4 protein chains.
Amino acid sequence: MTVQFRGVIPPVVTPFRDDLTVDTDSLRHHVDRLIDAGVDGLFALGSSAEAVFLTRDNRRAVVSTIVDQAAGRVPVTAGVIDMTTPLVAEHVTDAVESGAQGLVATAPFYVRTHRTEIAEHFRRIHDMAPDLPLLAYNIPVCVHVALDAPLLIELATEGVLAGVKDSGGVDAATRLIVDARDAAGLTDFQVLTGSETTVDLAYLAGVDGVVPGLGNVDPWSYVELARLCTQGRWAEAAALQTRITQLFGIATVGDPARMGGSSAGLGGFKAALAHLGVFTSGRMAPPHQPLDDTELATIARIIDDAGLTA
Amino acid sequence: MTVQFRGVIPPVVTPFRDDLTVDTDSLRHHVDRLIDAGVDGLFALGSSAEAVFLTRDNRRAVVSTIVDQAAGRVPVTAGVIDMTTPLVAEHVTDAVESGAQGLVATAPFYVRTHRTEIAEHFRRIHDMAPDLPLLAYNIPVCVHVALDAPLLIELATEGVLAGVKDSGGVDAATRLIVDARDAAGLTDFQVLTGSETTVDLAYLAGVDGVVPGLGNVDPWSYVELARLCTQGRWAEAAALQTRITQLFGIATVGDPARMGGSSAGLGGFKAALAHLGVFTSGRMAPPHQPLDDTELATIARIIDDAGLTA
Amino acid sequence: MTVQFRGVIPPVVTPFRDDLTVDTDSLRHHVDRLIDAGVDGLFALGSSAEAVFLTRDNRRAVVSTIVDQAAGRVPVTAGVIDMTTPLVAEHVTDAVESGAQGLVATAPFYVRTHRTEIAEHFRRIHDMAPDLPLLAYNIPVCVHVALDAPLLIELATEGVLAGVKDSGGVDAATRLIVDARDAAGLTDFQVLTGSETTVDLAYLAGVDGVVPGLGNVDPWSYVELARLCTQGRWAEAAALQTRITQLFGIATVGDPARMGGSSAGLGGFKAALAHLGVFTSGRMAPPHQPLDDTELATIARIIDDAGLTA
Amino acid sequence: MTVQFRGVIPPVVTPFRDDLTVDTDSLRHHVDRLIDAGVDGLFALGSSAEAVFLTRDNRRAVVSTIVDQAAGRVPVTAGVIDMTTPLVAEHVTDAVESGAQGLVATAPFYVRTHRTEIAEHFRRIHDMAPDLPLLAYNIPVCVHVALDAPLLIELATEGVLAGVKDSGGVDAATRLIVDARDAAGLTDFQVLTGSETTVDLAYLAGVDGVVPGLGNVDPWSYVELARLCTQGRWAEAAALQTRITQLFGIATVGDPARMGGSSAGLGGFKAALAHLGVFTSGRMAPPHQPLDDTELATIARIIDDAGLTA
């Protein structure tokens, strides 16, 4: 029976040692903390994991550590993000060998591609590991092309795709996928939102789960939020979502005059995890720019005010 | 004494065997043909080389084969294109070991970056191989961020950059770089254009050379074009450029309803080289879409009409 | 006491006679139909009204006809969409003279503008008619710049803006405005969504109303949808929204190989209103392309299947 | 016999009185200065004229004043820039009545359009004034769609277009138009570049003229530059172009933290003309932001250093 990826599935952030190798001790600690909080699955090597900053060796270390530490308590899916089909193929091999129970792939990037080429890309990835559910990762802000409902449903109907992680940021587009999925009777096709500040809205639109980067910092609230949504307690869900969104302020503390959105956003998450003692350091891979002491203090205060713990 | 990359430096297209390994025999043949035509250098692992479709092993095979075959007759620079600094670092190691005499790097991509981060990216790359001239590769159509004159000149002044390959497509911007270079007295900073249909204009604006993808197919014309430009024979240069541009039609034969610009453009170059017998096949890496028989016949006719030979 | 624009406020589509003057008889009929269906207000001269295709005379005819026919039953706000401040000024004068009770303005466009300039634009518009509530119209797909929460709240705090019509299409951004409004205690600042397929989601996020183009065709469903939302009957709201979205299919019948999105979308609305007998014709202003007979038949069938009436 | 627009045709900047009406005295002075410098024609109501900030009355005043003052010494073409066909129609009527000898129109904007719709737009404009040469104005930075060579040549072949003012900023694209024009044997189709820093390059690529905003400030240099180009004195042309480009620095003095590119660029031109005494003031229409005293002093110094006179 195939594993399904639904519910709260955080994209696990990767802790680094000073030499930028993977800090597997912190990673194991973090995995336990997420599972203890009640998440439904784990997404290794997503964008938040700095997957595109990791060498193949480091990618393998991340997946095998997460799979080993999860120990079957929750399923683990692995990102295989890379520029083109031949490179994704290598990551598929590695992910399978590391025990991943699912795959997540973006459209090709760097090179401009046609819809026909994007479809072939996903078909070939599926053929490499036909037993693993393959999720399409819609993230136009990174790959500069969007995956639309007709293409996704076409590939789902062929059996190529088992679902989609939609980080396109447009709830109307996510809903189009849900409606098209329902119209096609593809009941097993999972639609997950990557938008951490509209989880209640996405659930009301019919999604099956969420992949929240901020869930690394506060998994409990996302687990509770998903529970309220599946119970149809929408007003409470919306109120909780608003409180969660305030915590999202840690992702915008970094000064935009000095760093890009990834340094500020991921830096905020990692600083929070370091402040909480989950990670031994908030270090990011280059060329990310570090937060300064004032910014770190601001993040620490937000975390403390929210009453979060390790 | 440092090698300088100037004049006509084709971005060498990579021939594949049926199993998508590098067809080193065809590649050696191609290298000889380019050098015999009088090119001033070779750029391995550029976008036209399908560098972002090649595994590390294949990338190494490409650079070492080109370096070995060039045998010092012309200098060889190697692209180290990848998403982020740690991955570029691996390619730098490989390129150095393979004997490359220069490096060409883009801004980071996939992740959104800040100017500060782009600068750090180039500084770190330079530090990895301080003895090799490092060229910045401005290619916003692929990496979705442009490198502007102030940033390039800042990095040139620091000794980080030895030049730029400008594939931004805007001659006014290329000229800004040239003018800023001259104003700063950075006489050794090489400005190369990647625009194969405005080489005469770029030379009139002051560039030092050109990296023409179409030069894989017709290196002789680009060598002649550069000669006319450096001799100030501008009217003749413009007339020759117009004739060359007609040959560029091979890059737009592929049906845009069926394939992307890379499949059509690179596919046209590779089909031409296969027709000429330089390559044993025009095969491209997936998910590129192949040209069909009618399209291949059209390209063959254009090549024959132009009187090109192997 | 100031009029407030909240609830269901359709952007009234403009019927044309054969000579492209305003078909005021059809327009009066349409206004009655909308008010009878229970809408809370009317938005004249929005994008759906082809405001940017209308001469000043025609714009005045539209507003005065709608105001006259509404006769105080519901408030009427008027778009003053134009490229720059001096031209908007003319429309403000006209709207005031025509009896509009509110104004809706976009950021300047054609010319690239700075945040400072956008703010000055809205301040000057407010100064022209300080007694009328001014709504900012966020429509980046048309003006190619987005209005963000900090700018809107700054202008609301100054008393310049009374609300926003957010047609940005990103519910997370709409929610940021709602949350910032609440945090600032600006209880009278109205947030309206222009996204007709996520009205339930927008209400759950806290908006005060909706400006649905499709509400021209089926006002009853939007009135019912808003009622369900304000009563907290979210599951029923979501189910109704999904049914409404199916009707939205009339906006995508026009062949994209032959026409742009406005011709297909607005053409679908106008064809539906003509089929229902509300308008005497579905004619659009040039250079819009007309739907063909097959497309018109498809739209008629969708309308009939939905059981809609005049 | 039809008037032809070729050579140096400055887009005449519009001087304002304090009440933002057109300062016709300064405008007449400016027209004389341009004609005395040897320009080949005048383009009224271009982007640099703040055409999209002018009421119909002010637009008429501009064209009739320029036509009257030119008094047949050089031909005058008039921009009819507006959002859609019906509004452009009004400007065509006004321009014809004001004595314009040519028309310049952009693609429609605000509304998203299809190629078919853009073509119909130009066909209808031509039909409104079939005796006046109509130039297409390619300015994607303002209208967010580009006019490509196949569309332009199709419309030229039909007799709709007499030429193009290409402000797309990409010389390779301008050259494609020139080459397609030559291939089609449309010898009377005029290709003008709007890129004031690559005039030499554009001429080498085969253009017939230039519409330089900076030519308002220094018409003599552009006249000389065009002369050198038509005489094939390319090295001298390139050297002169580089000197002219230094003067273009007046367009980037305005602080980008405080104003947009139009305020800085146009503000620089108008400040220069005020400093020279050609205009009585450098005032711009709202919401343009004014340059401050320090910035004005910088511009004055650049102008004085260049030795320019009224």
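Summing +1 for each Lys or Arg and -1 for each Asp or Glu, what net charge is found among the other residues whose Cβ lies under 11 Å from the Cβ of B:GLN4? Net of charged neighbours comes to -2. Sorting the Cα pairs of the protein assembly as shown by distance into bins of 20 Å, from 0 upward, gives 11, 37, 40, 12, 0 percent per bin.
Phi angles of the range A:291-296 translate, via the Karplus equation with coefficients 6.51, -1.76, 1.60 and θ = phi - 60°, into HN-Hα couplings of 5, 8, 4, 5, 5, 4 Hz per residue; Gly and Pro are given as x. Just how far, in whole angstrom, is the range D:1-60 from the range A:232-310 if you go by their alpha carbon centroids? What the calculation gives is 55 Å, centre to centre. Largest accessible area first, the listed residues D:SER26, B:SER48 line up as B:SER48, D:SER26 when surface is computed with a 1.4 Å probe on the assembled protein chains. Under 5 Å from the amide H of B:GLN190 lie the amide H atoms of B:GLY163, B:VAL164, each residue being 5 or more positions distant or on a separate chain, with H modelled from the backbone and absent for Pro and chain starts. Charges were assigned to the Cβ only: +1 to each Lys and Arg, -1 to each Asp and Glu. The resulting dipole of the protein assembly as shown about its Cα centre is roughly 0 debye. Other residues with beta-carbon under 11 Å from the beta-carbon of C:SER195 carry, at +1 per Lys or Arg and -1 per Asp or Glu, a net charge of -3.
Amide H contacts of D:VAL104 (H built 1.01 Å from N, in plane; Pro and chain starts excluded): D:ALA78, D:GLY79, D:VAL80, D:LEU135 sit under 5 Å, all sequence-distant by 5 or more or on other chains. An oblate overall shape is assigned to the range A:267-310, the ratio a/c of its alpha-carbon gyration tensor axes (a ≥ b ≥ c) being 1.5 or greater and a/b not exceeding b/c. Starting from the label point of D:ARG243 at 7 Å along Cα→Cβ, the same points in the other copies fall at 3.6, 7.2, 7.7 nm, in ascending order. Entry note, chain A: the mean residue ellipticity at 222 nm calculated from DSSP H runs of n ≥ 4, each adding -39500 (n - 2.57), is -14000 deg cm²/dmol after division by the residues and rounding to the nearest 500. Between copies, B:ARG73 shows label-point distances of 6.3, 6.4, 8.7 nm, shortest first, with the point placed 7 angstrom from Cα along Cα to C-beta. Along the range B:131-143 the Karplus relation, 6.51 cos²θ - 1.76 cosθ + 1.60 evaluated at θ = phi - 60°, assigns HN-Hα couplings of 8, 9, x, 10, 9, 7, 10, 8, 9, x, 5, 9, 9 Hz to successive residues, with x for each Gly and Pro.
Around D:ARG233, with a cut-off of 12 angstrom between Cβ atoms, what is the net charge of the other residues, counting Lys and Arg +1 and Asp and Glu -1? Taking every Cβ under 12 Å from that of D:ARG233, the sum is -2. Can you tell which of B:ARG181, B:ARG123, B:ARG115 shows the greatest fluctuation in a Gaussian network model of chain B with Cα springs below 10 Å? Maximum fluctuation in the GNM of chain B, among the listed residues, is at B:ARG115.
When the surface is traced with a 1.4 Å probe over the full set of protein chains, D:PHE53 keeps roughly 10 Å² accessible. Rounded to two decimals, the Cα radius of gyration of the range C:177-232 over 2.2 N^0.38 Å is 1.16. With θ taken as phi - 60° and the Karplus curve 6.51 cos²θ - 1.76 cosθ + 1.60 applied, the whole-hertz 3J(HN,Hα) list for the range A:52-65 is 7, 10, 9, 5, 4, 4, 5, 4, 4, 4, 5, 5, 5, 5 Hz, x standing for glycine and proline. Report the Stokes-Einstein translational diffusion coefficient (µm² s⁻¹, integer) for the range C:10-104, Rh taken as the Kirkwood radius over Cα pairs, at 25 °C with viscosity 0.890 mPa s. My calculation gives 189 µm²/s for D. Note that the range B:91-200, at 37 °C in a medium of 0.692 mPa s, gets a Stokes-Einstein diffusion coefficient of 231 µm²/s from its Kirkwood radius over C-alpha pairs. Each copy carries a label point for C:PRO256 at 7 Å from Cα along the beta-carbon vector; from one copy to the others these points are 1.4, 3.0, 3.4 nm apart, nearest first.
The values are calculated or read from the model by the stated rules, or taken from the named source; none is laboratory data. Computed from a prediction, not measured in an experiment: that's the story for all the values here. Don't worry about glycine lacking a Cβ; one is built from the backbone with ideal geometry, like all the others, and counts go over all protein chains shown. Side chains are part of the model used for accessible areas, which takes the heavy atoms of the whole protein and leaves out ligands, DNA and RNA. Shrake-Rupley method; radii C 1.70, N 1.55, O 1.52, S 1.80 Å.
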